[in-house]
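Only one structure is covered here, and it is reproduced in the block below.
The values are calculated or read from the model by the stated rules, or taken from the named source; none is laboratory data. Since we're looking at a predicted model, the values are computed, not measured. Note: ideal-geometry Cβ built from the backbone for every residue, glycine included; neighbour counts use all protein chains shown. With ligands, DNA and RNA removed, areas are computed over all heavy atoms of the protein, side chains included. Shrake-Rupley method; radii C 1.70, N 1.55, O 1.52, S 1.80 Å.
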Amino acid sequence: MTVEILNLRESRLTLEAGVAEFAHQRPERRNPISMELRQDYADMLDRIEGDPAVRALVIFGEGGVFCAGGDLKGLKERLASADPAVNSAEAMQRRVGAAHVWFGRLRDLPIPVVAAVDGAAFGAGLSLALAADFVLASKRARFAASFIRIGMLPDLAALHTLPRLIGLAAAKELMFTGRALEAQEARALGLVHAIYPPELLREQARAFAARFVGASAHALAQTKRMLNRSFESSYETVRDFEASGQGIASTTPAHAAALERFIQGEPPLFDWDRMGPDN
């Protein structure tokens, strides 16, 4: 089995058996979203976008921390600068806008994305986790919309994703207070899909992602695309997209093969229940 490993600036990308794993590699700094890690995300997306062999992505943080948020050291250096190109409202607006270029690509990846959260997912680290389709957590995982602690607004789309996931009232409470959630409370709110012991999280996340490899790539991609826009879409828009997407799905080899296996009484290539129970 071929394994491809790319060592980037502050991360490592591993591709094996249809699953890409992107691991943050700066645990001594609590895996912050530095400018280097932002570029790593862009490079990782350049590699996997459009590659039909990549069927799922896992995001992980080494050293018992997923991502503790933004690069606070970098923010302090920005405040110390007298250069308005670095330290001004306009400069920050440009910085946030630039982040959404790669972040939007991550959110819209046409494959399932799994965030494996061990330790802290604070601030922008929480936003990263929210960009995933599924969040798997270790028993020691903690989540916090901690932006208010440093006098900042939630960013990397948390203002969009969190209320849609857990409801407006709960999102307000977490964002106004900045308090941390333990894994069990996060699961009760609907933020976390499953919880594992820390030593099993990475293995379980890869196994979870690998279960999508046999699914129809077209059906998954189009379902994800419409679900990501469903809160802003009218019934008529969803109806028309459904008709268009279903028309294409009905002509794919994946559909023909699955239908033939069903008619012949053979087990399906993609059967979530048969592949193993969730935690």
Quiz item: For the chain, what does -39500 (n - 2.57) per DSSP helix run (n ≥ 4), summed and divided by total residues, give at 222 nm, in deg cm²/dmol to the nearest 500?
Solution: -14000 deg cm²/dmol
Quiz item: Convex hull over the Cα atoms of segment 167-277, averaged projected area in nm²?
Solution: 9.9 nm²
Self-check item: Solvent-accessible heavy-atom area per residue, rounded to whole Å², over the chain at 1.4 Å
Solution: 51 Å²
Practice problem: Take the solvent-accessible surface of the protein heavy atoms, probe 1.4 Å, and return the percent of it on segment 129-279 that carbon and sulfur atoms account for. | Solution: 59 percent
Quiz item: Can you give the accessible area of Arg95 in Å² (nearest 10), computed on protein heavy atoms with a 1.4 Å probe?
Solution: 50 Å²
Exercise. Apply 1/(1 + (r/R0)^6) to the Cβ-Cβ distance of Leu269 and Lys172, taking R0 = 45 Å, and write down the FRET efficiency to the nearest 0.05.
Key: 0.55
Quiz prompt | In degrees, nearest ten, helix 198-210 long axis to first principal axis of the chain (Cα) | solution = 50 degrees
Exercise. Could you work out the relative contact order of the chain, using alpha carbon pairs under 8 angstrom and six or more residues apart, expressed as a whole percent?
Key: 16 percent
Self-check item: Peptide ranges 194-200, 29-35 listed from the most packed, as the mean C-beta count within 10 angstrom indicates
Solution: 29-35, 194-200
Quiz item: What translational D, rounded to a whole number of µm²/s, comes out for segment 71-148 from Stokes-Einstein when the hydrodynamic radius is the Kirkwood one over Cα pairs, at 20 °C and 1.002 mPa s?
Solution: 149 µm²/s
Exercise. Could you grab the relative contact order for segment 65-137? Cα pairs under 8 Å, six or more apart, rounded to a whole percent.
Key: 47 percent
Quiz item: What is segment 54-194 by shape, rounded, prolate or oblate, if you read a ≥ b ≥ c off the alpha carbon gyration tensor as root eigenvalues and call it rounded for a/c under 1.5, prolate for a/b larger than b/c, and oblate otherwise?
Solution: prolate
Quiz item: How high is the FRET efficiency from Arg105 to Arg261, r the C-beta distance, R0 51 Å, rounded to 0.05?
Solution: 0.90
Self-check item: Folded to 0 to 90 degrees: helix 235-249 orientation relative to the chain principal axis, Cα
Solution: 50 degrees
Practice problem: Would you kindly calculate the mean projected area, averaged across all directions, of the convex hull enclosing the Cα atoms of the chain, in square nanometres? | Solution: 16.5 nm²
Practice problem: Let me have the relative contact order for segment 114-255, percent, based on Cα pairs under 8 Å that are six or more residues apart. | Solution: 23 percent
Quiz prompt | Net lengthening on full extension, Glu49/Glu90 (0.36 nm per residue, minus Cα-Cα) | solution = 11.7 nm
Quiz item: With the Cα gyration tensor of segment 227-279 giving a ≥ b ≥ c as the square roots of its eigenvalues, does the rule (a/c under 1.5 for rounded; else a/b larger than b/c for prolate; else oblate) give rounded, prolate or oblate?
Solution: oblate
Self-check item: Debye, to nearest 20: dipole size of the chain, +1 on Lys, Arg Cβ, -1 on Asp, Glu Cβ
Solution: 720 debye
Quiz item: Under a Cβ-Cβ cut-off of 14 Å, what is the net charge of the residues other than Ser250 that fall near it, where Lys and Arg count +1 and Asp and Glu count -1?
Solution: -2
